[in-house]
1. From the residues in segment A:325-334 that are open to solvent by 30 Å² or more (accessible area, probe 1.4 Å) and of a type outside the set (D, E, K, R), which one is nearest to RNA strand B (Cβ to nearest atom)?
2. Yes or no: A:Pro358 over 24 Å from A:Arg224 (Cα atoms), in the same structural domain as A:Glu236 (by TED's automatic domain parsing) and out of contact with any Gly (no Cβ under 7 Å at 6 or more places or on another chain)?
3. Determine whether segment A:392-401 contains at least one residue that is open to solvent by less than 20 Å² (accessible area, probe 1.4 Å) and either touching a Pro at 6+ places or on another chain (Cβ under 8 Å) or within 16 Å of RNA strand B (Cβ to nearest atom) (or both).
4. Could you count how many residues in segment A:402-425 are open to solvent by 20 Å² or more (accessible area, probe 1.4 Å), under 23 Å from A:Tyr340 (Cβ atoms) and among the small types (Gly, Ala, Ser)?
5. Report yes if some residue within segment A:135-153 is open to solvent by 60 Å² or more (accessible area, probe 1.4 Å), within 12 Å of RNA strand B (Cβ to nearest atom), in the same structural domain as A:Trp429 (by TED's automatic domain parsing) and within 30 Å of A:Tyr46 (Cα to Cα); otherwise report no.
6. Could you tell me whether segment A:366-375 includes any residue that is modelled with pLDDT under 95, open to solvent by 50 Å² or more (accessible area, probe 1.4 Å), in the same structural domain as A:Asp291 (by TED's automatic domain parsing) and not polar (S, T, N, Q)?
7. For a quick check of your reading of the model, give me the residue pairs whose first member lies in segment A:241-254 and is under 21 Å from A:Val427 (Cβ atoms), whose second is open to solvent by less than 30 Å² (accessible area, probe 1.4 Å) and assigned to a helix (DSSP H, G or I), with beta-carbon atoms closer than 9 Å and at least 6 apart or on different chains.
8. In this structure, is A:Gln10 at pLDDT 95 or above, open to solvent by less than 60 Å² (accessible area, probe 1.4 Å) and away from RNA strand B (no atom under 14 Å from the Cβ)?
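The values are calculated or read from the model by the stated rules, or taken from the named source; none is laboratory data. Quick caveat: nothing in here was measured; it's all calculated off a predicted structure. With ideal geometry, Cβ positions are generated from the backbone for all residues, glycine too; neighbour counts draw on all protein chains shown. Accessible surface is based on the protein model in full, side chains and every heavy atom, while ligands, DNA and RNA are left aside. Shrake-Rupley method; radii C 1.70, N 1.55, O 1.52, S 1.80 Å.
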Amino acid sequence: MEAKMPPVIQTREIADYVGQEVIIRGWVYNRTHKGKLAFLLVRDGYGFVQCVAFKGEIDPELFETIAHIPQESSVLVTGTVRADRRAPGLPGGFEIGITGFEVVQAVVGEYPISLKEHGVDFLADHRHLWIRVPSQWAILRVRSTIISAIREWLDNNGFTLMDTPILTPAACEGTTTLFGTEYFDEGTAYLAQSGQLYNEANIFAFSKVYCFGPTFRAEKSKTRRHLIEFWMVEPEMAFCDLDGLMEIEEQFISHIVQRVLRDCRNELLSLGRDLSVLEQIVAPFPRISYDDALAKLTEIRAETDDPELKERLNIQWGDDFGSPHETELTKLFDKPVFVYGYPTGAKAFYMEPWPGRPDVSKSVDLLAPEGYGEITGGSERISDPDLLLERIREHELPEDAFRWYIDLRHYGSVPHSGFGLGVERTVAWICGIDHIRETIPYPRLINRVYP
RNA sequence: UCCUCGGUAGCUCAAUUGGCAGAGCAAUCGGCUGUUAACCGAUGGGUUCCUGGUUCGAGUCCAGGCCGAGGAGCCA
């Protein structure tokens, strides 16, 4: 009788194969050998598993091959799965006793990324290889799950996906600097910084919509929370006021966090994330007005003995919050907190004024806990055509370019609201990592477009 | 754009007052039956970011530049 080939399995399902012979197709992440005993830590894209070979149990030549296989060589490992508490991996606790071993390609020379520490510049230069290490692999798996959860919730809650253009005719909000590019005979086109204005048209056809795509900001920002190219999901809802907006946001964010907890437990644990912190991220979220937040900050500033913090927290009514303010505010809560009712002057032109207080807008930012800061920004939009035109003129925006946008308010205008969620900031918060550059496969920073 | 700090072996870093350029890891070879970034021994490995200056002598001091990091502003 012909010998049956063992099944090729994924390391994440290894617990189901204890006692069976299986094949793992992957890459050697680490190798160590101790005389007649050799250990390989093999990754296959779904996890990491330790494979063990004993000299004497297998062909001596094969043992030498295993004991000397260079890091990152591609291999086919055949062996029997067994549970062993000592075995590292993801999920750990299982290992494979090697019975067969085939080298697909043996790495020649040095693999640049060792298991020792590296500097950020070196790692960034080798991002194409860096994504293989467990921490980066885990972060990017969480990112994928977050994006899946975003789409899942919106698709299941009556939202229609509307892809808004990436090449746009003019400044959408007139605030940030845009990337320009030559556009045939039409002059300069700009890379989108938001799909919101288009979504405001889309809701009149589909009621609830979202766009999801890359966003480009040519700002010379150089901080741990800024990318030049980042991904943003922007839901927009007809017949929705500021309160309705906050309810949707908290349901949406809660779903994302709980879905990651369900599907990426091992990844989060491998990143050292405290899961209990994430487990309490369930709607409703606390809400605080800009006025009250400002009062709290003034209080904190008065109480601190740190002269540096005192200086950094210096703020007057009308100013937008900077990151020091956001950090101090979020320390007061263990859930994300809504800050609503920002001064009109600090926000974009299209925001509906507060009833009876024209200097305040019906705007709301959601600040993530643990100092991660703003992850969403949204507002109720102006629905009156005359007020909108007035605002466009006040902001000295090109009236012609906004003709279609004002037009929307003439044909069945309704109260409507929307927000934008920054995917990378959300990934950074949920994973508990310091810098946004690790939350996207190939980050674009002010001083980096390679690789 | 502003403020602060940094640039030495493939990587991470050390080098006393200005006095012979060093270590660990990685690579190559050898040893070891439970390693967790294994360990032990051996071998090879340098434009000290660049340009100019001071000095008998510069990785070290001075001037200018380049590159990077952290923070600020702006924002998601």
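1. Top of the filtered list is A:Thr327.
2. Details: over 24 Å from A:Arg224 (Cα atoms): yes; in the same structural domain as A:Glu236 (by TED's automatic domain parsing): yes; out of contact with any Gly (no Cβ under 7 Å at 6 or more places or on another chain): yes.
In short, yes.
3. For segment A:392-401, residues open to solvent by less than 20 Å² (accessible area, probe 1.4 Å) and either touching a Pro at 6+ places or on another chain (Cβ under 8 Å) or within 16 Å of RNA strand B (Cβ to nearest atom) (or both): absent.
4. Number of matching residues: 1.
5. No - not one qualifying residue is present in segment A:135-153.
6. yes
7. Here the result reads A:Phe252/A:Ile150; A:Phe252/A:Leu154; A:Ile253/A:Thr426, each pair linking segment A:241-254 to a residue that is open to solvent by less than 30 Å² (accessible area, probe 1.4 Å) and assigned to a helix (DSSP H, G or I).
8. Yes.
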